[in-house]
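See below for the structure under consideration.
The values are calculated or read from the model by the stated rules, or taken from the named source; none is laboratory data. Not measured: the values here are computed from a predicted model. Cβ placement follows ideal geometry from the backbone for every residue including glycine, while neighbour counts extend to all protein chains displayed. These area figures cover heavy atoms from the full protein model, side chains too; ligands, DNA and RNA do not enter into them. Shrake-Rupley method; radii C 1.70, N 1.55, O 1.52, S 1.80 Å.
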Amino acid sequence: MGIRVLIADDQELVRTGFQMILDAQPDIEVVAAVADGAGAVEQARRLRPDVCLLDIRMPKLDGIEVTRLLAGPGVDNPMRVVIVTTFDLDEYVYGALRAGACGFLLKDSGPTLLIEAVRAAAVGDALVSPSITVRLLQHLSQPRPEAARRLREPLTDRELDVVRLVARGRTNQEVAAELFVSLSTVKTHLGSIFAKLGTRNRVEIAAWAWETGVVR
């Protein structure tokens, strides 16, 4: 089955453009395109799309609140949310990350990255476009040593190696190559890291790394 996508953006040109690009792909179908946050929540809960592509600034409910309602802590069966943003909205991006967003996309990224973002989110790869996500995290995250106290259990040296590479935008395959280990070993390390940090996706791992100063 194809990837079912919901688009929420108050700009008609953006909605129409995104829908045309995505509907032209053989494996992607836009099931709803709405102009405000309340409509996004309603349609997402009704249709259960595989990926929700949300603008941050929308009428009625903003993208952060919509993200929190669809993917936030305590939500049963959370959806995969990709936030569409610009660099002048850093504080909102950070709020969206904490609300449960699994990826970010810049509005002017172009068709290729839009498609990549949707496909990556659909399979649970939160670092949608590594260079974009890392640049965002570098720009918005100031080291906060107190974040280190959130650890449920200390990370091993090898797990820290994996965290640093994830925070720099490396894919699983790239992590495996750089550390000279198998792909399955990387996935095992990631599973342990998720459990120890209490994170749900790679973006949250990256954010933790920048906050704590594990990576600069």
Checklist entry - Is there a residue being open to solvent by 40 Å² or more (accessible area, probe 1.4 Å), touching a residue at least 40 places away in the same chain (Cβ under 8 Å) and touching a Cys at 6+ places or on another chain (Cβ under 7 Å) anywhere in segment 84-96? => result no
Checklist entry - Which residue out of 127, 114 is assigned to a helix (DSSP H, G or I) and either modelled with pLDDT under 80 or within 30 Å of residue 46 (Cα to Cα) (or both)? => result 114
Checklist outcome for this item: When every residue in segment 37-56 that is among the acidic types (Asp, Glu) and not in a strand (DSSP E or B) is compared, the one nearest to residue 18 (Cα to Cα) is 50
Checklist entry - open to solvent by 40 Å² or more (accessible area, probe 1.4 Å) and modelled with pLDDT of 85 or more - does that describe any residue in segment 197-215? => result no
Checklist outcome for this item: Those residues of segment 182-196 that are touching a residue at least 12 places away in the same chain (Cβ under 8 Å) and open to solvent by 30 Å² or more (accessible area, probe 1.4 Å) come to a total of 4
Checklist entry - Out of 16, 67, which single residue is outside any strand (DSSP E or B) and within 13 Å of the chain's Cα centre (by Cα)? => result 67
Item to check | segment 157-174, subset over 27 Å from residue 99 (Cβ atoms) and at pLDDT 90 or above, residue most open to solvent (accessible area, probe 1.4 Å) | outcome: 157
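This table checks each residue for (1) farther than 19 Å from residue 124 by Cβ; (2) open to solvent by 30 Å² or more (accessible area, probe 1.4 Å); (3) of a type in the set (A, V, I, L, M).
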| position | (1), (2), (3) |
| --- | --- |
| 3 | no, no, yes |
| 6 | no, no, yes |
| 23 | yes, yes, no |
| 61 | yes, yes, yes |
| 70 | no, no, yes |
| 76 | no, yes, no |
